[in-house]
1. Find how much the distance from Tyr179 to Arg41 grows on full extension, using 0.36 nm per residue of separation minus their present alpha carbon separation; answer in nm with one decimal.
2. Which length gain, in nm to one decimal place, applies between Glu101 and Glu31 when the Cα-Cα distance is subtracted from 0.36 nm times their residue separation?
3. Tell me, in nm to one decimal, what length is gained between Arg51 and His77 on full extension, where the rule is 0.36 nm per residue of separation less the Cα-Cα distance?
4. Calculated FRET efficiency, Glu85 and Met131, Cβ-Cβ r, R0 30 Å, to nearest 0.05?
Amino acid sequence: FESALQTLRPAPSGISAFPPLEVPQKLGEYEVRWEMARSERNVVFRGHHPRHGEVSLKICRPGMVPGGLKCRVNEPHPGLARVLEVFEAAGLTVVSLEFAEGEPLSKLVGGHKIAPRAAFEILERAGRTMMELHAKGIFHGSLHASDILVQKGAVRIKDYGGLEGIASGDLRVFAEILYEAAAGVPPLPGV
């Protein structure tokens, strides 16, 4: 048993149990470099574009393209990793996003790496960005604590504006993230 146990290797961090997606090394002008994350609905790759430089390429799984996907290119904003373009290539729907580095707020709060007050300051900055974008009619549509990135004091929201939505959806999730930052645990289902 112990010798068999030693041969087991943990799954790479950040890669879930969802199946991989076969993607060519070139999608239009984009070079697909390596997989960064995957979920039931999409797979995210690190990529490169001659004009945009380093990017994240969110590739929707066939049959899993969200309803209301917009071809909205976000205007530059210091609190936003913006959507650069949405396009079809090799039979796949691709969302190109400005590459944003940083530690996801979900890891900081979930791992108790920061105090609640520090989490509140991060959320205040993210909330101001959301308010500015909501005022322009731009909604996240699928906000998660992992979409709020922190690096060297900068706070940026990623995956913003890919879905149609309303402010109340973003605000409900934002309140849940705020609760978890304060309590150290996610809110109870249905609360």
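FYI, it's all coordinate maths here, none of it is from the lab. Note that this is a predicted model, so its numbers are computed, not measured. Reconstructed Cβ throughout: ideal geometry from the backbone, glycine too, with neighbour counts over all protein chains shown.
1. 47.0 nm
2. 23.3 nm
3. 7.5 nm
4. The formula returns an efficiency of 0.75 here.
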